[in-house]
Amino acid sequence: MATNEEIIANAKAAILDFDPELAAELAQEALDAGISPVDIIENGFTAAMTEVGDQFEAGTLFLPHVIAASEAMSAGVEVLGPALEKLGGESEGRGKVVIGTIEGDIHSIGKDIVATMLKIAGFQVFDMGRDVLINDFVEKAKEVGAQVVGTSALMTTTMVNQIQIEEQLKEAGIRENTKTMVGGAPVTQDWADQIGADIYGENAGDVVNKLKELF
Ligand code: HCB
């Protein structure tokens, strides 16, 4: 029988082999073995996606490979969905979070994971999707009275749009009552400080810890 480490390593390999059926099977095997769905997402699937990104950048993998890898990851995460939801319910109504991928950017996998983990932690999450207009974030925050507006940016060309969130929330007169959160692979604590965002989320676990501390 495979050890937990082997199951996680195999799950990572399934993404690197672009195999959605195997990723789904291994997600189920991980749950049956009592491995936390968070562990398999972070140490199996996400670790593989990081490697795919590095190889894409190095020119050893191409866009169709990236698409196939993200489809395999989605197939695996789908199986983990019910188990992730079972982790939830510890404290309903912690706060309202409007989240989405920033204007111009269609990457959604990381944002989806953050949104799921926040729901599990008891936050009310308004997931705006991807390539969300800055104005739509602001309007939604006003409409629901959000405590947090979180944006995800996966590209150096789109992270600059996070500055617009700061500016437009100020113009709408709601910046003082709203915390801003930024995340995504090229985003850093330095960037958050530079643009005046309140929270930098390095990964989904970090986001949940920081927002739990605040609310
Ligand atoms: Co895409 N892509 N891509 N891509 N892609 C990246 C991001 C590059 C870095 C790859 C590279 O060159 N090394 C690169 C960007 C370079 C740059 O910075 N300028 C890139 C490019 C260039 C592109 C296209 C332009 C390619 C093209 O068409 N020529 C195009 C984008 C077009 C557009 O947006 N307008 C594109 C398309 C795609 C897809 C569609 C094939 C696919 C996305 C599928 C989807 O999301 N539904 C994709 C993918 C998968 C990637 C990589 C390989 C992985 C991203 C990912 O899902 N990681 C990525 C390489 C990389 O990032 N290393 C590559 C896994 C998740 C779990 O990690 O960092 O997103 P995460 O999220 C973490 C963390 O950051 C944090 O928590 C999450 C969970 O722990 N977090 C937040 C995330 N959002 C947060 C928000 C918060 O408020 C707080 C915390």
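For the range 96-214, rounded, prolate or oblate, judged on the Cα gyration tensor with a ≥ b ≥ c (square roots of eigenvalues), a/c < 1.5 rounded, else prolate if a/b > b/c? Rounded shape, in that the Cα axes give a/c under 1.5.
Heavy-atom accessible area, probed at 1.4 angstrom with all protein chains present, ranks L22, L61 as L22, L61, highest first. Estimated purely from DSSP H runs of n ≥ 4, each contributing -39500 (n - 2.57), the mean residue ellipticity at 222 nm for the chain is -17000 deg cm²/dmol once divided by its residues. What does the net charge come to around E143 if you take all other residues with beta carbon closer than 14 Å to its beta carbon, with K and R at +1 and D and E at -1? Neighbour charge sum, excluding E143 itself: +1. Magnitude of the charge dipole for the chain, about its Cα centre and with charges confined to Cβ atoms of Lys, Arg (+1) and Asp, Glu (-1), is about 780 debye. Once the Cα-Cα distance is subtracted from the 0.36 nm per residue extended length, the N177 to S74 segment shows a gain of 33.6 nm. Calculated accessible area for the chain comes out at 50 Å² per residue, all protein chains present (probe 1.4 Å; ligands, DNA, RNA ignored).
Taking label positions 7 Å along the Cα-Cβ direction at both I106 and L63, the computed distance is 0.8 nm, reported to one decimal.
Between rounded, prolate and oblate, where does the range 46-103 land on the alpha carbon gyration tensor, with a ≥ b ≥ c its root eigenvalues, rounded for a/c under 1.5, else prolate if a/b exceeds b/c? Here the range 46-103 falls in the prolate category.
Only protein atoms count toward the accessible area here, which uses a 1.4 Å probe; on the chain, the carbon and sulfur part of that area reaches 50 percent. Length gained on full extension, M1 to N135, computed as 0.36 nm times the residue gap minus the Cα-Cα distance: 43.0 nm. The phi torsions of the range 198-207, fed into the Karplus equation with coefficients 6.51, -1.76 and 1.60 and a -60° offset, translate into couplings of 7, 10, 10, x, 6, 8, 4, x, 4, 4 Hz, rounded to whole numbers, with Gly and Pro shown as x.
The values are calculated or read from the model by the stated rules, or taken from the named source; none is laboratory data. Just so we're clear, the structure is a prediction, and the values are computed from it rather than from any experiment. Ideal geometry is used to build each Cβ from the backbone, glycine not excepted, and the neighbour counts take in all protein chains shown. These area figures cover heavy atoms from the full protein model, side chains too; ligands, DNA and RNA do not enter into them. Shrake-Rupley method; radii C 1.70, N 1.55, O 1.52, S 1.80 Å.
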